[in-house]
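Presented below is the structure to which this report refers.
The values are calculated or read from the model by the stated rules, or taken from the named source; none is laboratory data. Keep in mind it's a predicted model, so treat the numbers as computed, not measured. Glycine also receives a Cβ, built like all others from the backbone with ideal geometry; neighbour counts cover every protein chain displayed.
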Amino acid sequence: MQENVKRLYYLGLFALLVALVIAFGPFNSGRAYASSTWQGATTDWANVRTGPATSYSIAAVYAPNTFVTVYATVSGQVVWGGISNWYRISSFSSSPRYIYGGLVVATSSSSGGAGAPSPTAAGKEILVSLSRQWMWVYQNGVVVYNSAVMTGRPALSTPTGTYHVFLKLHPTTFYSSWPPGSPYWYPPTFINYALEWRAGGFFLHDSW
């Protein structure tokens, strides 16, 4: 009888230990709802954090166009644009590392720079894919540059169509047309290169 009580006691302790590991272990830094791996690239300077929120420590900083392997998608802090996704870029056997979902685009399979579309004009041409979040630059039908891009958020969507660049700025400063307090307001921001392709402040520009 006493031996059975001991067994139940140790079994209870073991179950408690397992529950604590699951609750506080590296797999629970947010609710995971995707675990298949895929390849991506950062679209801007991106802080790599130990958890899916800006309150977690910064473990590294990745430059734009840094390629990463995404091991899982978790739900975390919404930083901007209503995006709650955070991507785990470290394997499950190592310390957790996350990048905000708004700063990574897929580059594997049919996404990213693979399979550049055919140019539609001679001379200089820039093609931007909203679905693939990628840009290709052509010179006389030959791809001379391609890169991940970040187009407008849903509330400020990027117009589709064919346009011509009519203004080139280098350098310049962008000033918000929205007042402070607006969710779209931003402070005066230095921009190194900017190409305006549609009236009303539609620019192709380098990262902030």
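In table form, for the structure just shown:
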{"quantity": "Which numbered condition residue 69 misses (of (1) under 13 Å from the mean Cα position of the chain (by Cα); (2) β-branched (Val, Ile, Thr); (3) surrounded by 15 or more Cβ atoms within 10 Å (Cβ to Cβ); (4) not in a loop (DSSP other than H, G, I, E, B))", "calculated": "(3)"}
{"quantity": "Those residues of segment 115-144 which are loosely packed, with under 13 Cβ neighbours inside 10 Å, polar (S, T, N, Q) and within 15 Å of residue 163 (Cα to Cα), in sequence order", "calculated": "120"}
{"quantity": "Some residue of segment 175-192 being out of contact with any Pro (no Cβ under 7 Å at 6 or more places or on another chain), more than 25 Å from residue 78 (Cα to Cα) and assigned to a loop (DSSP other than H, G, I, E, B)", "calculated": "no"}
{"quantity": "Given (1) more than 27 Å from residue 66 (Cβ to Cβ); (2) out of contact with any Ser or Thr (no Cβ under 6 Å at 6 or more places or on another chain); (3) part of a loop (DSSP other than H, G, I, E, B); (4) of a type in the set (A, V, I, L, M, F, W, C), number of the condition residue 116 does not satisfy", "calculated": "(1)"}
{"quantity": "Odd one out for residue 78 among (1) among the β-branched types (Val, Ile, Thr); (2) surrounded by fewer than 20 Cβ atoms within 10 Å (Cβ to Cβ); (3) part of a strand (DSSP E or B)", "calculated": "(3)"}
{"quantity": "Search result, residues across segment 180-197 that are surrounded by 15 or more Cβ atoms within 10 Å (Cβ to Cβ) and out of contact with any Lys or Arg (no Cβ under 7 Å at 6 or more places or on another chain)", "calculated": "191, 194, 196, 197"}
{"quantity": "Residue 111 buried (at least 17 other Cβ atoms within 10 Å of the Cβ), part of a loop (DSSP other than H, G, I, E, B) and at pLDDT 90 or above", "calculated": "no"}
{"quantity": "Where residue 135 falls short, out of the listed (1) in contact with a strand residue (DSSP E or B) (Cβ under 9 Å, 6 or more places away or on another chain); (2) more than 30 Å from residue 71 (Cα to Cα)", "calculated": "(2)"}
{"quantity": "Pair list, Cβ < 7 Å and 6+ apart or interchain, from segment 148-164 residues that are more than 17 Å from residue 132 (Cβ to Cβ) to residues that are part of a loop (DSSP other than H, G, I, E, B) and not small (Gly, Ala, Ser)", "calculated": "156/184"}
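Every residue, every condition in (1) at negative phi; (2) of a type in the set (Asp, Glu); (3) at pLDDT 95 or above, yes or no:
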site	(1), (2), (3)
49	yes, no, yes
56	yes, no, yes
60	yes, no, no
66	yes, no, no
74	yes, no, no
77	yes, no, no
82	no, no, no
88	yes, no, no
